[in-house]
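> Structure provided below as structure tokens; questions to follow.
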Amino acid sequence: ALRTGDKRGSLLWAIDKTCTSMGARLLKKLLDKPSMNCSIIQKRLAGVKDLVASDVTRREIADDLKDVVDIERLITRLVFGTANARDLRALEGALKVLPDVKQKLFQFTSPILVELRESLDTLEDLRTLIDSTIAEKPPFSLREGEIIKDGANADVDELREIIRDGKG
């Protein structure tokens, strides 16, 4: 696998049970550059032990995350200005699962999972903003219009009314 660049037969291939592309990238990064710090290794092992001991919750979290789009890639598109309204809706969909995941993390006591839970911002304000502003099924292109929901912005509503009732 090393010579051909093929993942099959590698350690990554053997242990990769990740359910998101973000998790797969993180696992690959951790395997490519493993920590030599014993306390970090012990902390990670305690987290794994905690997750293994609570099989049901672990599977529920994995199930919550399996349909989450690649938030890291979406953020990159947003930063570079190449995202569209559908990307925002996809981000909103991904953010919907965060409160449930955070709640499920309360069942774990290992330091790494407690830290994860405490640092996890569910971004409710951003999710609410996208949900209240962007159309449920926005068009792919900005040129098509109808991206902003009716009632989300008075100026946009006024301009729409002018377009619809231009003769009046």
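> Which whole-number percentage describes the relative contact order of the chain, with Cα contacts under 8 Å and a sequence gap of 6 or more? Walk me through the numbers before you get to the answer.
Working: 127 pairs, mean separation 31.4, N = 168.
Computed over the chain, the figure is 19 percent.
> How far apart, in nm, are the 7 Å Cα→Cβ label points at Asp165 and Leu30?
Roughly 5.9 nm, to one decimal.
> Could you give the accessible area per residue of region 92-168, probe 1.4 Å, as a whole number in Å²? Provide the component values of the computation, followed by the final result.
Working: 5350 Å² over 77 residues.
Using a 1.4 Å probe on heavy atoms only, each residue of region 92-168 averages 69 Å².
> Additional query: Just to be sure I understand: with springs between alpha-carbon atoms less than 10 Å apart, which residue in Leu65, Leu11, Leu27 has the highest mean-square fluctuation in the Gaussian network model of the chain?
Looking only at Leu65, Leu11, Leu27, the biggest GNM fluctuation is shown by Leu11.
> Helix 124-133: angle to the longest alpha-carbon principal axis of the chain, degrees 0 to 90, nearest 10?
30
> Moving to a separate point now. With N set to the number of residues, divide the alpha-carbon radius of gyration of the chain by 2.2 N^0.38 Å and report two decimals. Intermediate results must be reported in sequence, preceding the final value.
On the way: Rg = 21.4 Å, N = 168, 2.2 N^0.38 = 15.4 Å.
Normalised by 2.2 N^0.38 Å, the Cα Rg of the chain equals 1.39.
> Counting other Cβ atoms within 10 Å, keep those with at most 14, restrict to DSSP loop, and tell me which GluC sites (Glu not before Pro) in region 51-148 are left.
Details: sites: Glu60, Glu72, Glu92, Glu115, Glu118, Glu124, Glu136, Glu144, Glu146; in loops: Glu136, Glu146.
Those that pass, being in a loop and sparsely packed, are Glu136, Glu146.
> Here is a follow-up. In nm, to one decimal, how far is the modelled label at Gln103 from the one at Ser10, with both set 7 Å along Cα→Cβ?
Result for the modelled spin labels: 3.8 nm.
> Find the relative contact order for region 34-114 and round it to a whole percent, using C-alpha pairs within less than 8 Å whose residues are 6+ positions apart. Walk me through the intermediate numbers first.
Details: 43 pairs, mean separation 36.0, N = 81.
Normalised by residue count, the contact order of region 34-114 is 44 percent.
> Taking amide hydrogens as modeled 1.01 Å from N in the peptide plane, which residues meet the under 5 Å criterion relative to Ile134, leaving out close sequence neighbours?
Those qualifying (amide H under 5 Å, at least 5 residues apart or on another chain) are Lys149.
> Greater than 20 Å separation of Cα atoms is the criterion. Which listed pairs, Lys28/Lys96; Lys7/Lys28; Lys66/Lys137; Lys33/Lys102; Lys43/Lys96, meet it? Could the numbers behind the result be given before it?
Details: Lys28/Lys96 26 Å; Lys7/Lys28 11 Å; Lys66/Lys137 22 Å; Lys33/Lys102 28 Å; Lys43/Lys96 29 Å.
The answer is Lys28/Lys96; Lys66/Lys137; Lys33/Lys102; Lys43/Lys96.
> Go ahead and collect, in residue order, the members of region 14-39 whose backbone nitrogen is under 20 Å from a label point 7 Å along the Cα-Cβ direction of Thr76.
Answer for this model: 18-33.
> Separate question: For a paramagnetic label modelled at 7 Å from the Cα of Ala53 toward its Cβ, which residues of region 109-150 fall within the zone defined by backbone nitrogen distances under 12 Å?
Backbone N within reach: 109-111.
The values are calculated or read from the model by the stated rules, or taken from the named source; none is laboratory data. For clarity, every value in this text was computed on a predicted model and none was experimentally measured. Here Cβ is always computed from backbone atoms with ideal geometry, including for glycine, and neighbour counts include all displayed protein chains. Ligands, DNA and RNA are stripped out before the accessible areas are found, and what is left, the full protein with its side chains, is counted by its heavy atoms. Shrake-Rupley method; radii C 1.70, N 1.55, O 1.52, S 1.80 Å.
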